[in-house]
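Shown next, in structure tokens, is the structure this report addresses.
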Amino acid sequence: MSETVVSLEREKRFIGSPLKTKEALRHVRGMGKFVDDIKLPGMLHAAIARSQLAHAKIKRIDFSKARALPGVVDILTPEDVVRMSDPLPQMTVPPASNVRDYPVAVGKVRYVGEPIAVVAAETRAIAEDAVELIEVEYEPLPAVVDAEKALTDPPALVHEEVGSNIMAHVQYSYGNIDKAMKEADRIIKVRLHFHRFSSTPLEPNAVLASYDRSENMLTVWCNNQEPSFMLPQFNSALRLPYNRMRFITQDIGGGFGCKITNYVYVILISLASMKVGRPVKWVETRTEHMLASSHGAERIFNVEVPVKNDGTVLGLKILSIDDDGAFARHEPAGLTVWAQVVPGAYRIKHVYSDMYAVFTNKCPAGPNRGFARAPHSFMIERVMDIVARELNLDPAYVRMKNYITREEMPYTTPNGCVYDDGDYPKSLSIVLDALNYTELRKKQRELWKEGRYIGIGIATTLDSGAPNFGQVKMLNPRLPLVGNAEACMLQLTPDGRFVVRLGTVPQGQSHETVTSQIIAEIFDVPVELVDVATGFDTMTHPYTMHSGTYGSRYAAMGVGAAYGAAQKLRAKVLRIASHILNEDQSFLALSNGSVVSTRDSSKSISLKRLSRIAYGMPSMLPRDTEPGLIVVNFYYNGLVEPDERKIANLALTYSYQTHGVVGELDPETGKFKITKYVIVDDAGRIINPLVVDGQVHGAAAHGIAAALFEEFRYDENGQLLSSTFVDYLSPHSVDLPDLEVHHLEIPSPFSPLGAKGVGEGGGTAHVAVINAINDALSPFGVMLEKSIATPEEIFRLVAKKSGLPL
Amino acid sequence: MGIKIILNINSKRYSVDIEPWETLNHVIREKIGLTGTKKGCETGGCGSCTVVVDGKAVYSCMMLAFQASGKDILTVEGRDNDVLLAAIRKGFMEMGGLQCGYCTPGFIMSAYALLSMNPKPSREEIKEAFVGNLCRCTGYVKIFESVERASQIISGDKRE
Amino acid sequence: MYSFRPSVVAKPESEEELAEVLRKHGRNARIVAGGTGIYELSRRGLLSDVDVLVDISKLQLSYIKEEGGKIIIGAATSLETIQRSSIFSRPYLSALRDACLSIQPLQVKNVATLGGALCTALPFLDMPVALFSLEAIVTIGPDMREMKAYEFVKGFFDVDLKDGEYLREVSISMKEKSGSSFMKFSLTSDDWAIANCSVSVVVDEGLISSASIFVGGAFGEKPVRAVRTEERLRGILPSDTDALKNAIDSTLHLDAKPETDVKASSEYRMDVAKVLCRRAVFQAYRRVMT
């Protein structure tokens, strides 16, 4: 499966260059096209009536007042949805897959904000006013809000048809945990709670659906991150064959995984359009987004860690519970996706994991930046610090002791993942140097005497990219998904320009630019001659069932597809040129927009001329060569399904990052202020440093925010307490520290250009900050269990300490 | 009902019928059709709706349209031959001060208000000018650098 | 929540006209100054009976004057204007500037007005707390009725305006040997206060001779005057940090009882308020002494 790193025959002009992005050109002029910017003739506006309660039977819904409001055209009711559509396919297994999942509440509501009905009206304001007039009579039921209780002592069943609140239960055993427990000097117990938050992209979910009855054709503009992956969902729920549905994305205002489960809204608004026979647009409000789009799952860990007294971590024995909310809409995939990074960056040989996912009366969980790997990495990096604390060792020392080294690369983990390449110890060394670590530790102790508490946090996490879909078979063997593949269509137009259509669905990752760099490099033409179509379109773009942007996959998959397409097209161009120029192919090169002979400069043909021939004068082409210059290329990452022991390589690339953070705690208020922040990132071969740096900064910002500010908090009745940017606190410019970024550039031997997927950052910043806070708390002898450190929580812990600091 | 107002946007006059409760954001986007100005929260919490009114950055989702009547409004689409706006755009492009582009119009407008008052802002002044603009992609670093670059461009400095 | 659907905009040319419009429409009329509070109020359903919006932009109520031993601020003066005015760098007025600086988005400060901040009367706002501690007086048109800003704000979204009346200006008396400070604790820069505290002290021979202290954030329907703490601080030397700490820690909770909400518990709010109060007293004192 491994393709070696390509060597291009000349000095690279575009790959590796901080090229201005093509996308920027339109965005700085306000010319981006997002779903809400599109208007269609006869278009109606939708607003959604939603549940006010977390768990209740619906006794009666009265639409009469809403229907009577002038300007209201129609209302899509639960009865309509049941009549017009089939329940959404479930990823999980029986009995949890017995859930009848519709895009609206049928018979009962299961979380606050759950859609109940859709009003289509002449204006958005009328639709919103009509929603206020819909009367719903509820019979309240006890709300399930605590994941552990949901399992052991449920106040109610979220879905009666399941018979329990278990969404999924899996056990993975790698190595021999019992042996590790026996060989250990000590077993350290750790309890952690990874909290609920999301990346809250600034563009809300939005759908514009237009159903044409005469053609039986549905066209939808949406901002879903992977529409082709969702085709089976659309097909089932809308009862339309694939070729009667067209899904288009253009600019997407941030995704981070949060725009994967919006397929439910795509279906809902499509049904509304199918019912009224007119285009219907729905744009989510911020509060709707907070209440009812997609939250990252909560995970509670109880871990036993067998260790040697010298700091060697032998294994991990994990019992975890995921709180996945009211429906299994992309979850419980989180029970398998973490397995891409089972031992983290460490030589941990024995891992046993007993994992539950449970239903609760909360917003359905979905992927969020670093999906499933971020909570797992959080656990491992907390474990490293806790082991250091328990054994009275330095956390940097414990990491150095356990890191997989460069010499061991490529490294096969206990579950068969093959870490491509990287130098974890070196990344930490760079961080420690930048922090002046040894001095800083001394200073820390001196400051304690003055009643000042600084904390130092470090963490290394892996950002696994181009995932193997076969991993879902570890959960549900019946799922028809394995490996990962991506598609690209490349055309050399008769005027000598290039058009590219990708299966990826970018949301700000500059795929147009990076793809252009690759094509321009291979054909030696200016990037301005390469047009990469914005967004994705199931009608005009090639795709696979894995297409989309998620799982840090573009650098391997999108690049692989485009690179392969360019190679195919290049081969055809050279074949044609060889025939026309009567020159052996081995003496032909692409240079400055022409094919030239390297031994006879009089033999040359421009790409433009060659292309005109290919499209217009087929008689001049070599025999057996088809006219035209269009290629479609599919790139497959070569990964296969796990064996019966659940062993397989689950991702193609494993970029990694080590972060170091220093901050100071104000013990009077509990506020922790970050004073220094250092990042070492290895994204393999960097195609565009502007783009990679942007991803590194962004991932760090999300992690810091998750550690300090962002949380979806529910009360005991299942009411969400943080449903606007007033209550849900995303960081603003002055709330984040300055970031010092260093790069290692160790290419992946497995990806087509040596690039490693980045963007998710594995939640490094999140746990690095939490480690720093716990370090600052260490003189008080207290520790946070949760992955968010609000000043109040820190203050409480400090207040709880007995006696004076050590 | 409805009332008629005149809005001066990007040096062009628009006569529009509005409702008293309609926000400037709604009118700019839906009635005038300038969709560069975004909306991300409608509660003054994200800044993607920022426009410049009489030289100052304001949230167009928090200003009622009638309040802007007769005032000089600038949106990201801009007016021809605006040297400052051109410099800001160039700064954002060169330094990679954007990813998904959704918050970008708001940042550009805040940068415009800042640089027209203070052509050589310090990093701290830039940060403060942007407190009212959320960006979820960039972590802000490259946005600050973009404004610094724009500042260099307008003061004719050469790039190092 | 979405029921903010007024049908008329009135744009009075004079204060007489303003009073007439307000008299005619009573509670169905609402002045729009900056307009930034509309969302916060309408989502609480507080504006559902508003039918007439009153645009006061023609009335020239934006000014800062110094007259007869007073600083007078027009009700429609923007927070940004106040923040920029050098007048408020004087020690006795600094709390007002602190409060402006603590409100972060420029997009809000550029349009939000001082009058709006008072009339909106939401308990978590910053400007009212600062004004109260500076013993600001409001002037109410058209009859030029005067009262303490603290009494003008009666409770949650409730101010002492009768039909036909409007807030015209706010005045603060100049004070000798006085310094003030406002402090706020919030989670991010663009967050409402978990707690805020504004302090104005008069210093005599290095000791506090009187203090005016208000705490806000979520301390009931409106910010609370810390009467006992004010008493307790009389005669204290703030640079004796232990004495200051003891005085506040033993008293402030007797003055005010904070609430518990999504952002903080009552106990934590009080703990933070005590820290803010101490730091504000100290800073106010330092401002007089330097």
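The values are calculated or read from the model by the stated rules, or taken from the named source; none is laboratory data. Small disclaimer: the values here were computed from a predicted structure and weren't measured. All Cβ positions, even for glycine, are placed from backbone atoms using ideal geometry, and neighbour counts span all protein chains on display. Ligands, DNA and RNA are stripped out before the accessible areas are found, and what is left, the full protein with its side chains, is counted by its heavy atoms. Shrake-Rupley method; radii C 1.70, N 1.55, O 1.52, S 1.80 Å.
In whole Å, how far is the Cα centre of segment A:731-805 from that of segment C:87-132? With segment A:731-805 and segment C:87-132 each reduced to a Cα centre, they are spaced 35 Å. Modelled label positions at C:L254 and C:V227, each set 7 Å beyond Cα in the direction of Cβ, lie 1.2 nm from each other.
Spin-label model, C:S173 to A:R445: label points 7 Å out along the Cα-to-beta-carbon direction sit 5.9 nm apart. Extension gain for A:R575 to A:T405 (0.36 nm times residue separation, less C-alpha to C-alpha distance): 56.6 nm. Full extension of the chain between A:E716 and A:N309 gives 142.3 nm of extra length, using 0.36 nm per residue less the Cα-Cα distance.
Under 14 Å of direct C-alpha separation, and excluding same-chain neighbours fewer than eight residues apart, C:K177 reaches these aspartates and glutamates: C:D204, C:E205. Within chain A, the selection of entire DSSP H helices by a Cα span of 15 Å or greater along the long axis and an average Kyte-Doolittle value of at least -0.5 returns A:263-276, A:373-391, A:424-435, A:511-523, A:559-581, A:689-708, A:764-777. Here r is the Cβ-Cβ distance between A:S429 and A:R452 and R0 is 25 Å; the resulting FRET efficiency, rounded to 0.05, is 0.35. Fully extending the segment from A:R478 to A:E132 would add 120.2 nm, taking 0.36 nm per residue of separation and subtracting the current Cα-Cα distance. Place a label point 7 angstrom from the Cα of C:S210 along the Cα-to-Cβ direction, then list the residues of segment C:223-253 whose backbone nitrogen is under 12 Å away. In segment C:223-253, the label zone of C:S210 (backbone N under 12 Å from the point 7 Å along Cα→Cβ) covers C:231.
Judged by the gyration tensor of its Cα atoms, with axes a ≥ b ≥ c, chain B is prolate; a/c meets the 1.5 cut and a/b is the larger of a/b and b/c.
Computed on segment B:3-74, with alpha-carbon pairs under 8 angstrom and 6+ residues apart, the relative contact order is 38 percent.
Per-residue shielding of C:189-198, expressed as the average number of other chain Cβ atoms within 10 Å of the residue Cβ, stands at 4. Counting Cβ atoms of other protein chains within 10 Å of each Cβ in C:175-187 and taking the mean gives 1. Mean residue ellipticity, 222 nm, helices only, the protein assembly as shown: the sum of -39500 (n - 2.57) across DSSP H runs of n ≥ 4, divided by residue count and rounded to 500, is -8500 deg cm²/dmol.
Note on A:D600 and A:R623: with the Förster distance fixed at 25 Å, the Cβ-Cβ geometry gives a FRET efficiency of about 0.55. Here, the protein assembly as shown yields an orientationally averaged convex hull projection of 49.5 nm² when only Cα atoms define the hull. The aspartates and glutamates within cross-link reach of C:K184, meaning a Cα-to-Cα straight distance under 16 Å and a gap of 8 or more places when in the same chain, are A:D666, A:E668, A:D735, A:E792, C:D98, C:D126, C:D271.
With semi-axes defined as the square roots of five times the eigenvalues of the C-alpha gyration tensor, the equivalent ellipsoid of segment A:598-651 measures 44, 16, 10 Å, largest first. In the structure shown, the pairs A:K20/A:K259; A:K149/A:K317; A:K362/A:K673; B:K31/C:K109; A:K572/B:K90; A:K182/A:K443 are assessed against 29 Å; a Cα-Cα span above that value is assigned to A:K362/A:K673; A:K572/B:K90; A:K182/A:K443. Take C:180-193, A:613-626 and order them by the average number of nearby Cβ atoms within 10 Å per residue, most first; the result is C:180-193, A:613-626. Cross-link pairs exceeding 27 Å between alpha carbons, from the set A:K671/C:K148; A:K189/C:K263; A:K12/A:K676; A:K349/A:K426; C:K11/C:K148: A:K671/C:K148; A:K189/C:K263; A:K12/A:K676; C:K11/C:K148. Separation of segment A:669-730 from segment B:1-37 is 36 Å, based on Cα centroids. If R0 is taken as 22 Å, the Cβ-Cβ distance between B:S15 and C:R84 corresponds to a FRET efficiency of 0.05. At q = 0.11, 0.17, 0.18, 0.23 Å⁻¹ the log10 of I(q)/I(0) for segment B:3-74 amounts to -0.21, -0.51, -0.58, -0.98, computed by Debye summation with a single uniform scatterer per C-alpha, solvent ignored. Inter-label distance, A:R83 to A:E740: 6.7 nm, where each label sits 7 Å from its Cα along the C-beta direction.
For segment A:130-193, the residue among A:I187, A:N165, A:L133 whose Cα projects farthest onto the positive side of the dipole built from Cβ charges is A:I187. In terms of the mean number of neighbouring beta-carbon atoms within 10 Å, the peptides A:85-96, A:308-319, A:455-466 order highest first as A:455-466, A:308-319, A:85-96. The spacing between segment A:101-116 and segment A:404-451, judged by their C-alpha centroids, is 47 Å. Just so you know, the averaged projected area of the alpha carbon convex hull for segment B:83-155 sits at 4.0 nm².
In the context of the full set of protein chains, segment B:83-155 has a per residue accessible area of 26 Å² (1.4 Å probe).
Going from the chain on its own to the full set of protein chains, segment C:105-126 has these residues losing 50 Å² or more of accessible surface (heavy atoms, 1.4 Å probe, no ligands, DNA or RNA): C:Q107, C:N110.
Just so you know, the Rg over Rh for segment A:463-618 is 1.08, from Cα atoms, with Rh as the Kirkwood radius.
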